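Notes to accompany the following structure.
The values are calculated or read from the model by the stated rules, or taken from the named source; none is laboratory data. The structure displayed is predicted, hence computed values, not measured ones. So basically every Cβ, Gly included, is an ideal-geometry build from the backbone, and we count neighbours across all protein chains shown. Surface accessibility is based on the protein's heavy atoms, side chains included, excluding ligands, DNA and RNA. Shrake-Rupley method; radii C 1.70, N 1.55, O 1.52, S 1.80 Å.
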Amino acid sequence: MIKILIVEDDPNIAKLVEATVAIGGYEGVVCSNGAEAFEKMEHGNFDLILLDVMLPDMSGFEIMQRRTNTQVPVIFITAKQELTDKVRGLRLGAEDYIVKPFEAMELLARIEVILRRVKRTENVYTYGDISVNVEEHTCRCAGKEIYLTPKEFEVLVFFIQHKDVAISRDRLLAAVWGFEYEGESRTIDIHIQQLRKKLSLKDKLVTIPKLGYRLESAKE
């Protein structure tokens, strides 16, 4: 499971971020001060770090300046919204900079984009007799290659990455089309219908009334 370090000194915000991360199917580890965060960033085994700027003992900017383990991507989450602060955070090596308050779906979308970008996800996924190769952008079912549109492919990969998790239409739109997408959520239903038809997923890619969809685990 992908492990995310959450550095936030406000307990209410920390709980919100931890809950959001859990919705994404990720494991969240919370710490509330800069010294502990620095130690965990240097020696912990994390796939991503969500880092507040204004911490009681050491700012997020200071942590980024001091760290030597630069392989793990960082997203700043902060109330500091001045352009100069954002530029400073990005120049210090952060992958992204999110200003509080933020929408949970936006945070999840940005997390997923960055994890894909730094290849913290697998290149080949299997689900029953379905095999998906992300690098080749190919999909095979029972040994036969199946043509998927680019968005159908991304939707399928997202569901395989989040098996047995109820996914809302809004979350899927944010993750695949981008959190600034302003089109109709009906587009999700159309893509789901196509995946069900092309990959015989009618009984596996199930509808969750008034919410969205869930891809149930394939029987071994």
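Round to the nearest 10 and give me the degree value, 0 to 90, for the angle of helix 104-117's Cα axis relative to the longest principal axis of the chain. It is inclined by approximately 80 degrees. Remark on the chain: Rg and Dmax equal 18.8, 58 Å (Cα only). Listed by chain and number, the lysines placed with their C-alpha closer than 25 angstrom to that of K40 are K3, K15, K80, K86, K100, K119; residues fewer than eight positions away on the same chain are left out. Once the Cβ-Cβ distance of E135 and M58 is raised to the sixth power relative to R0 = 41 Å, the FRET efficiency obtained is 0.55. Relative to the longest principal axis of the Cα atoms of the chain, helix 11-23 runs at roughly 20 degrees.
Counting protein heavy atoms only, segment 1-140 has 48 percent of its accessible area on carbon and sulfur, 1.4 angstrom probe. Near D170, once Lys and Arg are set to +1 and Asp and Glu to -1 for all other residues with Cβ below 11 Å from its Cβ, the sum equals 0. Straight-line cross-link reach from K144 at under 16 Å between alpha-carbon atoms covers these aspartates and glutamates, not counting any fewer than eight positions away in the same chain: D129, E136. For the peptides 39-47, 105-113, 59-67, residues were scored by their other Cβ atoms within 10 Å and the scores averaged per peptide; the highest-first order is 105-113, 59-67, 39-47. Given +1 at the Cβ of Lys and Arg, -1 at the Cβ of Asp and Glu and no other charges, the dipole of the chain around its Cα centre is 760 debye to the nearest 20.
Taking every protein chain into account, the accessible area of the chain amounts to 52 square angstrom per residue (probe 1.4 Å).
Over the chain, DSSP H runs of length four or greater, each weighted -39,500 (n - 2.57), average out per residue to a 222 nm ellipticity of -11000 deg cm²/dmol. Computing FRET efficiency as 1/(1 + (r/R0)^6) for R66 and K100, where r is the C-beta to C-beta distance and R0 is 22 Å, gives about 0.40.
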